[in-house]
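S.K.: Next up is a structure, given as structure tokens.
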Amino acid sequence: RGESSVAYTAAAHRARAQAAGAWVDAGQALPGDVVLFPCRSGCGAGAADGVAAGVVEQYAEGTLRFIAYVDGEVRACAWGGGGGDGVLRIGKVEGVSRTWP
């Protein structure tokens, strides 16, 4: 509330989630949560300080699946065990911001 999208970066989202106690490990992710991961370029206006954000689809069997803007397009991404054809593998996840209780 009261933030412009330019000022509300993924890094700012992480800081607020940590301060609010809404920061959880990737293994606790629920659909709709926000996942933060390292991204050097092509990850949209919200990516700053090398951190980008995506929206969790599911966490199952050791694999976190999410949607994110990477390399100039919206992509299906995965971190952890499996992936599948056409899914961009992400090497590291910083954590997850719980969007609701």
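S.K.: Going by amide H atoms built from the backbone, whose H comes under 5 Å of the H on Glu94, apart from near neighbours?
M.R.: For Glu94, whose amide H was placed from the backbone, the distant partners under 5 Å are Leu36, Phe37.
S.K.: Want the number for Glu73 to Ala15: 0.36 nm per residue separation, take away the alpha-carbon distance, what's left?
M.R.: Stretched out fully, the Glu73 to Ala15 stretch lengthens by 18.3 nm.
S.K.: Need one number: nm distance between label points at Lys92 and Asp25, each 7 Å from Cα along Cα→Cβ, rounded to one decimal.
M.R.: 1.8
Throughout, read-outs are computed from the coordinates displayed, never taken from laboratory work. All figures in this text were calculated on a predicted structure; none of them were measured in a lab. Here the Cβ is made from the backbone with ideal geometry for all residues, glycine too, and neighbour counts use every protein chain on show.
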